[in-house]
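See below for the structure under consideration.
Read the figures in this text as sums done on the coordinates, not as results from a lab. Being a predicted model, the structure only gives us computed values, none of them experimental. Positions of Cβ are generated from backbone atoms using ideal geometry, with glycine treated the same way; all protein chains shown enter the neighbour counts.
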Amino acid sequence: MSKTPLVIINSPTATGKTALAINLATQFGGEIINADSMQVYRYMDIGTAKPTSEQRNQVRHHLIDIVDPDEDFNAALYAQIAGDVIARLVREKKPVFIVGGTGLYIRALLKGIIDTPQVDKKIRAHYKKLGEIHGREYLFDLLKKKDPSAARRIKQNDSVRVVRALEVWEQTGESITSRQARHAFKNSPYNCFKIGLSIDREKLKQQVEQRTKKMIDL
């Protein structure tokens, strides 16, 4: 079975991703799927550098302004919705351009989400409470005792990942790193052509400042 072709443009903000994507999509008759975790939210226009109305009129964009700020949204939902859009565009024989800087969303789309148990709120609350009472170092010491493999890959001050690793170990008796390793070999249903953009640091700084000022002035 042949893989679905995708063009992925993934680089830091203000490097010209949107302009390039619109140029390519216009030339090849394609459409753009957003891969920026903040642009999915309605009303959050300042600081997110969403494509302008004029740009969206040039080329159709998907997964922009699809949820309210108080709604839950995550990489799994993104991958599901983006996958549905891709399937439709493929049926319509339109090239697909994935554009954005959120690597987690792109990885979730290409390879899916790692097979880990759903969050157990009681277990999470337990470890969070331990962290609040005893501090991050205590939590990390727990992780080193229970899952030394994960502790070697997670930084002590990354409390979110430390707690998640402890949760997975307690729920499954298996290191989260083992599941991550198995997931790394999963085949992607997509054949990707990836484009990364780079720009001089000083020029990038100027462009970010100009863009921010323009958004605030609006």
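Observations on the structure shown:
- Net length gained if the chain between residue 207 and residue 160 were fully extended (0.36 nm per residue, minus Cα distance): 13.7 nm
- Amide N proximity, the range 6-28 versus residue 188 label position 7 Å along Cα-to-Cβ, cut-off under 12 Å: 6-10
- Packing-based order for 93-104, 148-159, using average beta carbon neighbours within 10 Å, highest first: 93-104, 148-159
- Cα shape, the range 1-101, gyration tensor, a/c 1.5 rule: oblate
- Structural descriptor for the chain: relative contact order 31 percent, calculated from alpha carbon pairs under 8 angstrom and at least 6 residues apart.
- J(HN,Hα) series, the range 31-37, from Karplus relation 6.51 cos²θ - 1.76 cosθ + 1.60, nearest Hz, glycine and proline x: 10, 10, 10, 5, 10, 10, 5
- Between the amide H of residue 8 and those of 98, 193, 194, 195, distances stay under 5 Å, these residues lying 5 or more places away or on another chain, with hydrogens modeled in the peptide plane.
- Protection proxy ranking, peptides 109-116, 193-200, average beta carbon neighbours within 10 Å, highest first: 109-116, 193-200
- The chain: radius of gyration over Cα atoms, expressed as a fraction of 2.2 N^0.38 Å: 1.19
- Whole-number D in µm² s⁻¹ for the range 63-164, Kirkwood Cα-pair radius fed into Stokes-Einstein, 4 °C, 1.567 mPa s: 78
- Only helices enter the 222 nm calculation for the chain: every DSSP H run of n ≥ 4 contributes -39,500 (n - 2.57), and dividing by all residues gives -16000 deg cm²/dmol, rounded to 500.
- Shape category assigned to the range 95-218 from the gyration tensor of Cα positions, a/c cut at 1.5: oblate
- The range 121-180, relative contact order in percent, only Cα pairs under 8 angstrom and at least six apart counted: 31
- Over the range 121-180 - Rg/Rh using Cα atoms and the Kirkwood inverse-distance radius: 0.92
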